[in-house]
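Visitor: Here you go, one structure.
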Amino acid sequence: MKSSHGPFSLKVSTHRSDHAVVVNAQGAPLKTHLQGEFKHWPTAIAQVLSDDLNALPPQADLRESLVYCLLSTFCEEEDPQFALFVEDDLQWDAAYRLSDDDEIAALQYESIAALVRFLKDDWVTLSENTCQNIEEMREKEIDFVPGEIVNRFMAFTQEYNQYQKYTVELLQSIFGGIHLSMILLWVSRKISSEDLMKSSLFLSCSKEDLESRKFSKSERQDIESFSVKLDALKQALYLLK
């Protein structure tokens, strides 16, 4: 699974001239994360994958490429049926449960500006939700995210294809469910990769100094490097629509 077998390049499909498969420096076709056969993709998509893999450090795992994660999964899935659980997952979204600390909350609010613009007067901030499930929320009488917000996103994501639904699942596994609304906006190309990264650092309170709007050198490097991976994934999604 290491990327050290690169540089990767394209080999035109023997079945369709407008499709290609990614091969390593020895000419061997790329394998999936389960060591299965990597199917041939439209040339433009295969090129995005090849470029993304070549941008990885020599000893990196191929799964550090989000494009690889996406395409590899759909090589293994014969009839993918990914589903979103927006109504439930939104209950843990930190965009609606800002910090009790006013200064931190102000920074968090600033980091979800695109979401607030999208929801307008429907946006709210509620009390913290530390429950493990919906039933516990009801037992402890924790405030639910209003139906107006839930319905907006249910309608918003209704037309998502399987590639987009899987991407939401993939990014939730990386960023956590507390970033769902911003992830959905990103998948729908309404915010930039950099916006998503910066919002993540604030909403998850993983920024080194939450009282400062300035990012440290290491944070800036993380934002820049992961934004590149997100941009490649966004390009692949656009080509797969």
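Visitor: Order of Trp41, Trp186, Trp123 from fewest to most other C-beta atoms within 10 Å?
Guide: Trp123, Trp41, Trp186
Visitor: In whole Hz, what ³J(HN,Hα) sequence does the stretch 137-146 give by Karplus (6.51, -1.76, 1.60; θ = phi - 60°), x for Gly and Pro?
Guide: Values per residue, Gly and Pro as x: 4, 5, 4, 8, 6, 7, 4, 8, 4, x Hz.
Visitor: While we're looking at this one, here's another question. Applying the Karplus parametrisation 6.51 cos²θ - 1.76 cosθ + 1.60 with θ = phi - 60° to the phi angles of the stretch 5-10, what ³J(HN,Hα) value in whole Hz is obtained for each residue in order, glycine and proline being reported as x?
Guide: 7, x, x, 8, 8, 10
Visitor: Also, quick follow-up: DSSP loop (so not H, G, I, E, B), at most 11 other Cβ within 10 Å: list which GluC sites (Glu not before Pro) in the stretch 166-241 pass both filters. Mind showing how you got there, number by number?
Guide: Values: sites: Glu169, Glu194, Glu208, Glu211, Glu219, Glu224; in loops: Glu208, Glu211.
Taking the stretch 166-241 and a limit of 11 other Cβ atoms within 10 Å, the loop GluC sites (Glu not before Pro) found are Glu208, Glu211.
Visitor: For the chain, what does -39500 (n - 2.57) per DSSP helix run (n ≥ 4), summed and divided by total residues, give at 222 nm, in deg cm²/dmol to the nearest 500? Spell out each step's value before the answer.
Guide: Numbers: 11 runs with 118 residues, N = 241.
Computed ellipticity for the chain at 222 nm equals -14500 deg cm²/dmol.
Visitor: Sticking with this structure for a sec: Could you give me the percent of Cα pairs per 10 Å distance bin for the chain, shortest bin first, beginning at zero and ending with the bin that holds the maximum distance?
Guide: All Cα pairs considered, the percentages come to 7, 29, 31, 21, 10, 2, 0.
Visitor: For labels at Asn161 and Lys241 in the simple 7 Å Cα→Cβ model, what's the distance in nm?
Guide: About 1.0 nm separates the two model spin labels.
Visitor: Do any of Lys165/Lys198; Lys207/Lys229; Lys11/Lys217; Lys120/Lys140; Lys198/Lys241 go past 32 Å between their Cα atoms, and which?
Guide: Values: Lys165/Lys198 23 Å; Lys207/Lys229 20 Å; Lys11/Lys217 40 Å; Lys120/Lys140 29 Å; Lys198/Lys241 27 Å.
From the list (Lys165/Lys198; Lys207/Lys229; Lys11/Lys217; Lys120/Lys140; Lys198/Lys241), the Cα-Cα distance tops 32 Å for Lys11/Lys217.
Visitor: If you rank Met154, Met197, Met137, Met182 by fewest surrounding Cβ atoms within 10 Å, what's the result?
Guide: Numbers: Met154 14, Met197 21, Met137 18, Met182 27.
Listed from fewest to most nearby Cβ atoms, that is Met154, Met137, Met197, Met182.
Visitor: Show me 52-61, 67-76 ranked by packing, highest mean number of other Cβ atoms within 10 Å first. Intermediate results must be reported in sequence, preceding the final value.
Guide: Values: 52-61: 15.5, 67-76: 20.9.
Peptide ranking by packing, descending: 67-76, 52-61.
Visitor: Right, something else. Using 0.36 nm per residue of separation minus the Cα-Cα distance, give me the extension gain between Val12 and Ala105 in nm, one decimal. Please list the in-between numbers first.
Guide: Values: separation 93, 0.36 × 93 = 33.48 nm, distance 5.22 nm.
Going from the current span to full extension adds 28.3 nm.
Visitor: Here's another thing I want to ask about it. Cut-off is 10 Å between beta-carbons; in what order do Lys234, Lys31 appear when sorted fewest neighbours first? Please report the intermediate quantities before stating the final value.
Guide: Numbers: Lys234 20, Lys31 16.
Taking fewest neighbouring Cβ atoms as first place, the list is Lys31, Lys234.
Visitor: Now for a different question. Report, please, the projected area of the stretch 126-241 averaged over directions, based on the convex hull of its C-alpha atoms, in nm². The partial results should precede the final answer.
Guide: Working: hull surface 33.6 nm².
Its average projected convex-hull area is 8.4 nm².
Visitor: A further question follows. Can you tell which of Cys69, Cys131, Gln81 lies farthest toward the positive end of the dipole of the chain, using +1 and -1 charges on the Cβ of basic and acidic side chains (Lys, Arg; Asp, Glu)?
Guide: The residue sitting farthest along the positive end of the dipole is Cys69.
A short reminder: the numbers here are calculations on the coordinates, not readings from a lab. Bear in mind that the values here come from a model prediction, so they are computed numbers and not experimental data. Using ideal geometry, Cβ is built from the backbone for each residue, glycine included, and neighbour counts are taken over all protein chains shown.
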